[in-house]
Structure formats: structure tokens, C-alpha cells
Amino acid sequence: MYTAGDLRKGIKIQIDNDPYVIIDFQFVKPGKGQALYRCKMRNMISGAILDRTYRSGDTFSPADMQQRKMQFLYNQEKEYHFMDVNNYEQIMLTEEQVGDAKNYLIDNMEAEVLLYNDLAIGLTLPNFVELRIVKAEPWAKGDSVAGDSKPVTLETGYVVRVPPFVEEGTKIQVDTRTGEYVTRVKG
Amino acid sequence: MSPASKDNRSLIESGLAGKQFCLGLRAGIIQIIRQFFIARGYLEVETPFLIPAPAPEAHIDALPAGLGFLHPSPELCMKRLVCAGYTKIFQICHCFRQAERGARHLPEFTLLEWYQAHQDYLALMDECEELFVFISRELGRGAELIYQGQTIRLQRPWERLTVSAAFAQYTDLDPATALAQDRFDELMVTCIEPRLGQNRPTFLKDYPASLAALARLHQETPGVAERFELYVAGLELANAFSELIDPGEQAQRFKKEQAQRAAQHKTVYPWPRKFIEALADMPPCAGIALGVDRLVMLFADQPQIDAVVAFTPEEL
């Protein structure tokens, strides 16, 4: 059970039998008045946006969801296919449900698939993933035009900015929460 | 500092270094506030942070500490000083309120509170205007303030708007109906506050009597109390009253607030007996609390309170 004081961005709660994720959150309190918690939420099934204001006494059930570790198999057009390696069961997510995670998905990558009443509705990636650079401009010493960073293309097609000394073929770590370069890795 | 250690500094420390402008401005504003009040014959006072019995207010939650509480405001102690004959006093101090954290709230924040005997809330409106004009001039700013893209003219007089006029203008309900439906605070926050103090600051005045436990009832309009809040660019900066000086009436109102706290399963604070007793000697008086952090936000043009304090609780 959550109370209003627990509400913040990213928390998933149950409202009228649907799971919602809080996408924007504001604590407000007028003068000598009550504390109010203004939330903008997205229905995790329909995608509909909901604005609600809660008070300190209000309580919420966490959205009743399961997570299952699955392997990414392939994508075809706007469909993304995953498999549970324990029972070989396969599920499909739409491009919308996959969201920004599509920038980091490569074959055989493991991810947590979110299920609501056995229906797959979303995806959580590890915070850090390792991807190879497939295209980068070479770095000429003393070349100041490039500045502090340069854009490179990763094996997923995603373009990220890296320090100028990072070269084509290098494997790098990317933070999936921010979409930013973290460091070079061996391999 | 060597370049290597500079690179290794954590995000918080580099954020701190980036606060030099705001922290400098903050120090300057606090100094200017002192000059303003001292020049007007106010005495600067200090009252204890650790107190046994905070004012019983329904929606202000004091932090327990030791055998008592950290004060949520210096109000009761400062009023006891007024009762004892200190007719013009001010204080700048940290105050503490449980579970208040947001873009404009810190659980530990800085209040400027001042009292003047033989005055009412209307005199405090004038004094607020004079204080802001003085700060702006001493900072070398003009008569205009730019906050988050809005230009606010500080020339006096500022707007004076009653709570019932604000409800009529910006909502479909009158204050009494909003209170009955428990929607007063929600409408205030969503429909009214964002529209206040847009071109010049606004004094929102004459609150329903039930929302002013420590204020005197209005001398002419029934059902409302002599309380105002100051808004600039939608930001709430100060709360003021013509103080209630009748001990019997004050005791009754505190009992109502205590009952509200009990009904919400909140801590009911010990009875502030010494304050109630002292009130018998209270001269007519007006008092006001102004959020110093928010005042700095305004002059620093910062939307987040985090920017104007050295450390937020999360950074400790």
C-alpha cells in the first residue's frame, strides 16, 4: 500500500482496475492549507493521460503487475518479439509499448517484461547496456572542430554522443535511463 | 585544487560550486532585510527552536525532537514577547515542518517573522510594499522584477483582492461552498494561486474565519478574518494577520484545530498554556511570516527552492 507521501515519478499504481504510471508529480500546499499531491499519470494499457490531485490521507494499491525475465528475439516492422527462456513462451510488444528501449535492443538481450493479468504491457531494461559502435568519424589530433564530443552510430542504429577519442568498433556502456554514454568497455 | 581532484568531484559538490550567485544574493538580501527593520526601530530577537507545544494548527505538522518539537514557526514565543511589552520585533530563523518537500517547499526553511503592536493587517501590507521596494533598490535593481519571463511592477500600491472576489473571478464556487465540499485548498492551488501577482504583487485578503485560527475576525465583514497572503508571480510569499488577542476565543479555536488533528489521526500537541495565559496582556497587534527562501527565488529568478539553499535534505 502506498500513501500520498510515497507518490513520485515512475511509481505504478492501480486506479479503477487499471495500472497507471506517474509521469509528472508536484507537491503543493497553500498557506495554512492541506498538503496536496498533483499527479499526471499514463494508463499503462490504453496510454490515456489522467490528471488527479490527492491529499495526505489518501492511499493506493501498487499496480498489480508481474515482471518476467525474457530474451529479445527480433523485431518485424512495429512488433517486438520476446521469449521466456524457461518455458519458451513467446510474447509481442508494440513499438509504443517498447518506447525508448528500442534504441538499445539487440538480439538475445535480456529484459524484464511487465505483465498485467498475463497481458504484456511494457518493458524494463537493465540500467546499463553494452553496445558496439558501428560508425564513427576518425579523430584527428588537434582537431578542435569536433569539440568535446562527437556523434557515433551504435549497432542498434541509435546515435549517441561520445568523447572524441572513442573509435569505430569499440564497445561502450550506455545508461538506458538517460540515453547517454557512460564509458568504454573491453570486448 | 589539482585538476584531477576537480574531475572527481561528485555532482553535488559541483552543483554547490554553481550556487555562488544565488547564495551571494541570499546573503545580501538577508543583510538588507536587517537594515530595513533596524532603521524602523524594530528589535531583532531570537526565540528557541526547540519548544514543548507548537500552535495547534490542523495542517502544520511539527517535527518531534527530544521531549518537544522543532518549531514550525516562532509565532507563539514572539507573541509572548509582544505581550510583555516588546512592541516592534523581528526574527530571521530556520523553521521545520514535517513532510513538506516540493519545488517550493523544504522541510527546513527560513522565515522572516515580524510583529508590530497597535497596528492591523492593512499596515503590514504597506510595510511589505516598502520592504520589497527597499530590497530591490538596495540590490541595484529597478522598480520592475522579472520572474520566469513575467514582468512584475513593484510600484505601490499593489493589488488588494479579497478571497471571495478571487473565487468569483477564477472558480465556479464561492469560498463557503468550496469549504463545505472540501475543495477550498485544491481550487486555491489549481485555479487561483497561479493567476495572482501577475503584473504587480497581490495581497489576497479576508479569508474565511475557519481558516485563520490565530487571526482576529474582520471588523466589518462577517464570516471572514483579517488575514492576508502575499503573492508575486503565483508564488506565495507571506501570511499575515491582525492578531487575535482574546484568550478565551483563542483557546476555543485551538480546541477546534486539535479536534481536526485528532480526527485525521495526527499528533495532538500539548496545550500551549503559557501562551494562552500571556494573551491576556496582548495589545492590538499585527504579525506576518515571510518565506526568505522564496524571496530569494524571486530575486534570483529561480523556479526551484533547491537553487537558493546550500544543501537540500537529499544532498546531506
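If I ask for residues that are assigned to a loop (DSSP other than H, G, I, E, B), more than 14 Å from chain A (Cβ to nearest Cβ), surrounded by fewer than 21 Cβ atoms within 10 Å (Cβ to Cβ) and touching a helix residue (DSSP H, G or I) at 6+ places or on another chain (Cβ under 8 Å), which ones from the stretch B:41-78 would you list? Within the stretch B:41-78, B:V45, B:T47, B:P48, B:A53 qualify.
Scanning the stretch B:131-162 for residues that are over 14 Å from B:G197 (Cα atoms) and either in contact (Cβ under 8 Å) with a residue 24 or more places away in the chain or polar (S, T, N, Q) (or both) yields B:L131, B:F134, B:I135, B:S136, B:E138, B:L139, B:R141. Tell me, yes or no, whether the stretch B:144-166 has at least one residue that is within 14 Å of another protein chain (Cβ to nearest Cβ), buried (at least 18 other Cβ atoms within 10 Å of the Cβ) and touching a Ser or Thr at 6+ places or on another chain (Cβ under 9 Å). Within the stretch B:144-166, one or more residues are within 14 Å of another protein chain (Cβ to nearest Cβ), buried (at least 18 other Cβ atoms within 10 Å of the Cβ) and touching a Ser or Thr at 6+ places or on another chain (Cβ under 9 Å). Consider B:V224 carefully, then state whether it is surrounded by fewer than 23 Cβ atoms within 10 Å (Cβ to Cβ), over 17 Å from B:K205 (Cβ atoms), away from chain A (no Cβ under 14 Å) and aliphatic (A, V, I, L, M). The answer is no for B:V224.
Based on what the data block shows, is B:E229 modelled with pLDDT of 95 or more, in a strand (DSSP E or B), within 11 Å of chain A (Cβ to nearest Cβ) and surrounded by fewer than 24 Cβ atoms within 10 Å (Cβ to Cβ)? Yes. Within the stretch B:272-284, restricting attention to residues that are surrounded by 15 or more Cβ atoms within 10 Å (Cβ to Cβ) and not β-branched (V, I, T), the residue that is nearest to B:A117 (Cα to Cα) is B:M282.
Table: residues versus (1) in a strand (DSSP E or B); (2) touching a strand residue (DSSP E or B) at 6+ places or on another chain (Cβ under 9 Å); (3) surrounded by fewer than 18 Cβ atoms within 10 Å (Cβ to Cβ); (4) within 14 Å of chain B (Cβ to nearest Cβ).
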residue: A:G47; (1), (2), (3), (4): no, no, yes, no
residue: A:D64; (1), (2), (3), (4): no, yes, yes, no
residue: A:F72; (1), (2), (3), (4): yes, yes, no, no
residue: A:N75; (1), (2), (3), (4): yes, yes, yes, no
residue: A:F82; (1), (2), (3), (4): yes, yes, no, no
residue: A:L114; (1), (2), (3), (4): yes, yes, no, no
residue: A:P126; (1), (2), (3), (4): no, yes, yes, no
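For B:Q91, the requirement of being more than 14 Å from every other protein chain (Cβ to nearest Cβ), buried (at least 18 other Cβ atoms within 10 Å of the Cβ) and at negative phi is met. What pairs come up if the first residue lies in the stretch A:74-85 and is assigned by TED's automatic domain parsing to the domain that holds A:Y104, the second is of a type in the set (F, W, Y) and not in a loop (DSSP other than H, G, I, E, B), and their beta carbons are under 7 Å apart, counting only those six or more places apart or on different chains? Listed by first residue and then by second, the contacts come to A:H81/A:Y74; A:F82/A:F72.
In the stretch B:177-202, the qualifying residues are those that are in contact (Cβ under 8 Å) with a residue 24 or more places away in the chain and out of contact with any strand residue (DSSP E or B) (no Cβ under 7 Å at 6 or more places or on another chain), and the one that is farthest from the other protein chains (Cβ to nearest Cβ) is B:R195.
The one condition from (1) in a strand (DSSP E or B); (2) among the polar types (S, T, N, Q); (3) more than 28 Å from B:D206 (Cα to Cα) that B:Q302 does not meet is (1). Taking the residues in the stretch B:102-126 that are surrounded by fewer than 18 Cβ atoms within 10 Å (Cβ to Cβ) and among the acidic types (D, E) as candidates, determine which candidate is nearest to the other protein chains (Cβ to nearest Cβ). It comes out as B:E108.
For the stretch B:185-208, the criterion of being in a loop (DSSP other than H, G, I, E, B) and either of a type in the set (F, W, Y) or on the phi > 0 side of the Ramachandran plot (or both) is met by at least one residue. Residues in the stretch A:139-155 that are modelled with pLDDT under 80 and of a type outside the set (G, A, S): A:W139, A:K141, A:D143, A:V145, A:D148. You will find that of B:E193, B:E236, B:E229, B:E243, the residue that is acidic (D, E) and over 22 Å from B:W114 (Cα atoms) is B:E193 and no other. Restricting to the stretch B:90-112, what's the tally of residues that are assigned to a strand (DSSP E or B), out of contact with any Asp or Glu (no Cβ under 6 Å at 6 or more places or on another chain) and farther than 12 Å from B:P74 by Cα? The total comes to 3.
The values are calculated or read from the model by the stated rules, or taken from the named source; none is laboratory data. Not measured: the values here are computed from a predicted model. Methodologically, a virtual Cβ is constructed for each residue, glycine included, from the backbone with ideal geometry; neighbour enumeration extends over all protein chains shown.
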